[in-house]
Amino acid sequence: MILLVYAFLGMGIFFGVLGNIGVLRFPDVYTRLQASSKCGVTSLLSIFIALMLLKGLTPMTLRILVITIFFLISSPVASHVIGRRAWEQGIAPWRKKPESRD
Amino acid sequence: MDLSVPVLDVVIFVLMGISLMSMVRVIIGPTPEDRLIGLNLVVAQVAGILVVIAVKFDRSIYLDVALVYAILGFIGILAIAKYLRGRQLGE
Amino acid sequence: MDVFLRWKIIRIILTAAYLMVGWILFTGTLALFSIFLGVIFSFCIAFLTYNIFIEESEAARRALLPRIYLLLVYLGVLVFKIYLASFKMSLAVITANMNPRIVHFRTRLKSELARVVLANSITLTPGTLTLNLDEDHLIVHWLNAKTTHSHYAGRLIKSHFEAWLRRIWI
């Protein structure tokens, strides 16, 4: 059980760091949004699952569960709103260089 | 269940470092949308720090703070997106 | 009794019930005073916001009350898919190998809630991100695009989610 907690915390740190590297490295708004929406959600989800396993069945676990569910709903909606802003403003998505395509 | 190693401290410091890295994107982002992406990440990670602190010191009041912080951050991002749209349409 | 009035009362009670579930989950106690406060506050909030939470035109029973057991299975599958998506994303971050495209397609889901859940699921599954949801028309940004044909792209991206959501909501 304790190993599972360590594994989930480790995954949380791993995905958080990689997602941030992705946000700093990718070329345009949409790809950055992909990195932030996937890896940000997974890193926090892993950390919350690890904390829930650590606390066992207490009132605290219920509250962490509420925060997790709120997070699972709100985070995709926030990235959806940002992506919609970028799309309505007409920011062109980044494409691969033509010579390497096909 | 007890953790023998101070793992939660490590998690708190890593999350702090990550949120500082997200602030880099907020500062250098060429478009307003890039800055919003950075802000979204910062909000999520600060809420995560609050939850980890609540578990570490066993104070459940921090969980309320974390939930309210997450809700306010979400509403803030919605409001900023709405504001940018209004400004672009010239209202 | 007027049918609109009855529908309004049902909407208020449903909104209050959803709020009450949230209240019990967050307070974590079943003390009498806590329940009493929760009922009062959820009815006050429901009276103000029922029109936003449930629109007047959504009149199907399954559009509001999901099948709970299927929803739990769906959440489990979704969490697994989120981990898969993050692994793929990490690979893309390390190798920087991608071919992003924008694809458009339609969904056949009827209720608003099911469409929103479908859009969120698409955002959380590997390499896709919903940009716009207008009635039943979705615009999706796809990392590592295989095709830009609307029908095939829709079938690849929605895969099993649409069938599952049709059974959960409508």
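The values are calculated or read from the model by the stated rules, or taken from the named source; none is laboratory data. Given the structure is predicted, the values throughout are model-derived calculations rather than measurements. Counting neighbours? That spans all protein chains shown, and the Cβs are built from the backbone with ideal geometry, glycine included.
The rows are residues; the columns are (1) out of contact with any Lys or Arg (no Cβ under 7 Å at 6 or more places or on another chain); (2) of a type in the set (Asp, Glu); (3) more than 25 Å from B:Ile61 (Cα to Cα); (4) part of a helix (DSSP H, G or I).
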| residue | (1), (2), (3), (4) |
| --- | --- |
| A:Val17 | yes, no, yes, yes |
| A:Leu44 | yes, no, no, yes |
| A:Ile91 | yes, no, yes, no |
| A:Lys96 | yes, no, yes, no |
Exercise for the section: Would you point out the residue of the stretch C:78-122, among those that are under 21 Å from C:His151 (Cβ atoms) and of a type in the set (S, T, N, Q), that is surrounded by the most Cβ atoms within 10 Å (Cβ to Cβ)? Expected result: C:Ser121
Practice task
Tell me, please, whether a residue that is surrounded by 14 or more Cβ atoms within 10 Å (Cβ to Cβ) and over 30 Å from B:Tyr62 (Cα atoms) can be found in the stretch C:14-33.
Solution key: yes
Practice task
Would you mention how many residues in the stretch C:21-41 are modelled with pLDDT of 90 or more and of a type in the set (S, T, N, Q)?
Solution key: 0
Practice task
Would you be able to tell me the number of residues in the stretch C:23-59 that are among the β-branched types (Val, Ile, Thr), in a loop (DSSP other than H, G, I, E, B) and without any contact (Cβ under 8 Å) to a residue 24 or more places away in the chain?
Solution key: 1
Problem - Residue check for A:Leu51: in contact with a strand residue (DSSP E or B) (Cβ under 7 Å, 6 or more places away or on another chain), facing another protein chain (nearest Cβ under 7 Å), assigned to a helix (DSSP H, G or I) and buried (at least 19 other Cβ atoms within 10 Å of the Cβ) - result: no
Completion exercise
Of the residues in the stretch C:95-145 that are within 16 Å of the chain's Cα centre (by Cα) and part of a loop (DSSP other than H, G, I, E, B), the one that is nearest to the other protein chains (Cβ to nearest Cβ) is C:Thr125
Fill in the blank from the handout: Taking the stretch C:131-152 and keeping only residues that are under 18 Å from A:Arg95 (Cα atoms) and crowded, with 18+ Cβ neighbours inside 10 Å, one is left with C:Leu131, C:Val140, C:His141, C:Trp142, C:Leu143, C:Ala145
Completion exercise
Checked against (1) modelled with pLDDT under 85; (2) at the interface with chain C (Cβ under 10 Å from one of its Cβ atoms), A:Ser43 satisfies every condition except (1)
